[in-house]
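The values are calculated or read from the model by the stated rules, or taken from the named source; none is laboratory data. A quick note: this is a predicted structure, and the numbers were derived from the prediction, not measured. Here the Cβ positions follow ideal geometry from the backbone for every residue, glycine too, while neighbour counts run over all protein chains shown. What goes into the accessible areas is simple: the full protein's heavy atoms, side chains included, and nothing from ligands, DNA or RNA. Shrake-Rupley method; radii C 1.70, N 1.55, O 1.52, S 1.80 Å.
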Amino acid sequence: MSPATVSAAYRTLRQRGFVVADRGRGTAVAPLPPVRVQRAAVLPPGVHDLSSGNPDPRLLPALALGKVNSVPVLYGAPAKLPELTTLAEADFAADGIHGDIAVTGGALDAVERALQTELHVGDRVIVEDPTWPRIPDLVHALGFALEPVPVDERGLLPEALEQALRRGARAVIATPRGQNPTGVAVDEDRGRALRAIMSADVLVIEDDYVGRVAGAPYVPLHDAGGRWIVVRSVSKVLGPDLRVALVAGDPLTVARIEGRQRLGPGWVSHLLQQLAADLLGDRATGRLLARAERTYAQRRAALVDALATRGIAASGDSGLGVWMPFADEAAAVRELLAQGWAVSPGERFRFRSGPGIRITTSTLEPPEAERLAEAVAALGSVPSATYAA
């Protein structure tokens, strides 16, 4: 075969996410398939589901469907509901975030549109290692190359991030708090160090998906003078079925996201926007979310403390779960399932970081945390370090 044909084949494989090219090391098969569709696992009766990442349904507000305005919304109407935009501006401003506002059909919808409008096929995108599996799946599907950067107990490692940017990465997708799966939250010093590294021409996407129930303060990763968006889905605070995300960002990036949105669905249903606005503006919802934040913090701490008393290190400073390093994660998942606990294997989340398991603690009561910790301790083969980066 001619060299041109071989080169074209490699290029096509790379664009479709099947292989990755590393300068000086050649081309290798991608660590993840381009698109991965998994059916929800059917758990045996009596098994406590600690693998789904869902919020506690008892800590979600009831949807007031009867309050939705039934007047039809026609073509040509404003894409964003003014009431929701006002609430979004106030929510972001409370954390010192000032930018234009967009409303998208969930967090990944915002991430996808931002990447599509700013990058070209083959561009490199920095992601956390470990990270939520849907992020690398999306990056692959769009034809971009993954650039995993390890995290420690304070977020992305600045030195590793700087090296990845020097290799030509065009975008960074990171989580300021509630990092999935580790539960890490970025502190002020780390945030300052990361902002100093980001260049003005790099798109910074902050997935602040736990927002008001995170259990940790928001620390920005972006420079307000650069290209950036902060995405806050309502899935963990109002419910996953309410497919709405609020986006703040620099004017150019937000304008491009909305322009790309018009070429697809056009706008997020005003019925959904009304529901989100009614709930976010309701004082009772505010009190419920404050209670949810406290409850999630107590449940994370209960498991981390129960594991610590048995000599097992785990992390869970914010978010809805706990990350626990484990040498043989597959065996741990099997054994715990046999004892009535469904947890997530770390293989789905990581690239080069060490093995472990993610445990969703949103519905795990403190007495249950003690029993789970005892079951984990009985397994053995638990590494002593929380992070393998």
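Any idea what the relative contact order of the chain is, in percent, if you count C-alpha pairs under 8 Å spaced at least 6 apart? Rounded, it is 21 percent for the chain. The value given for the stretch 285-359 is a Kirkwood hydrodynamic radius of 13.5 Å, derived from the mean inverse Cα-Cα separation. Among A308, A164, A107, the residue with the largest mean-square fluctuation in a Gaussian network model of the chain, with springs joining Cα atoms closer than 10 Å, is A308. Of the residues W267, A110, G122, the one whose Cα sits farthest toward the positive end of the charge dipole of the chain, with +1 on the Cβ of Lys and Arg and -1 on the Cβ of Asp and Glu, is G122. For the stretch 179-274, the equivalent ellipsoid built from the Cα gyration tensor has semi-axes of 25, 20, 9 Å, listed from largest to smallest. Taking a ≥ b ≥ c as the square roots of the eigenvalues of the Cα gyration tensor of the stretch 115-264, is the shape rounded (a/c under 1.5), prolate (a/b larger than b/c) or oblate? The shape class here is rounded. In the chain, taking the dipole from charged Cβ atoms about the Cα centre, the farthest positive-side position among V19, L43, T361 is held by V19. Result for the chain in a Gaussian network model with C-alpha springs under 10 Å: among A342, A110, A174, the largest mean-square fluctuation is at A342.
Rounded, prolate or oblate for the stretch 130-170? Axes are the square roots of the Cα gyration tensor eigenvalues, ordered a ≥ b ≥ c, and the cut-off for rounded is a/c under 1.5.
Since a/c reaches 1.5 but b/c is at least a/b, the shape of the stretch 130-170 is classed as oblate.
Averaging the sequence gap over all C-alpha pairs within less than 8 Å and six or more residues apart, then dividing by the number of residues, gives the stretch 59-204 a relative contact order of 19 percent. Hydrodynamic estimate: the Kirkwood radius of the stretch 225-377 over Cα pairs, inserted into Stokes-Einstein at 37 °C and 0.692 mPa s, corresponds to D of 179 µm²/s. Residues S70, S318, S269 ordered from highest to lowest accessible area at a 1.4 Å probe: S70, S269, S318. Of all DSSP-defined beta bridges confined to the chain, some 55% are antiparallel rather than parallel.
The heavy atoms of E83 offer some 100 square angstrom of accessible surface to a 1.4 angstrom probe. With 5 Å bins beginning at zero, the pair-distance distribution over Cα atoms of the stretch 148-223 amounts to 3, 18, 29, 28, 15, 6, 1, 0 %.
Counting only protein chain heavy atoms and rolling a 1.4 Å probe, the accessible areas of T86, T175 rank, largest first, as T86, T175. The charge dipole of the stretch 58-202, taken about its Cα centre with unit charges on the Cβ of Lys, Arg, Asp and Glu (plus for the first two, minus for the last two), comes to roughly 300 debye. The distance from the alpha carbon centre of the stretch 246-299 to that of the stretch 124-169 is 25 Å, rounded to a whole number. The alpha carbons of the stretch 67-136 stretch over 44, 31, 22 Å along the principal axes, in descending order.
Tell me whether the stretch 80-190 comes out rounded, prolate or oblate; compute the Cα gyration tensor, take square roots of the eigenvalues as a ≥ b ≥ c, and use a/c under 1.5 as the rounded threshold. Here the stretch 80-190 falls in the oblate category. The accessible-area ordering, largest first, of the residues L337, L74 stands as L74, L337, per a 1.4 angstrom probe.
Adding -39500 (n - 2.57) for every DSSP H run of four residues or longer, then dividing by how many residues the chain holds, sets the calculated 222 nm ellipticity at -11000 deg cm²/dmol.
On a per residue basis, the chain carries 45 Å² of accessible surface, using protein heavy atoms and a 1.4 Å probe.
Apolar share of the accessible surface for the chain: 54 percent from carbon plus sulfur atoms, 1.4 Å probe.
Across the stretch 4-13, computed HN-Hα scalar couplings (Karplus, 6.51 cos²θ - 1.76 cosθ + 1.60, θ = phi - 60°) run 5, 5, 4, 4, 5, 5, 4, 4, 5, 4 Hz from first to last residue, x flagging Gly and Pro.
For the chain, set up a GNM with springs between Cα atoms under 10 Å and report which of A378, A21, A41 has the largest fluctuation. It is A41.
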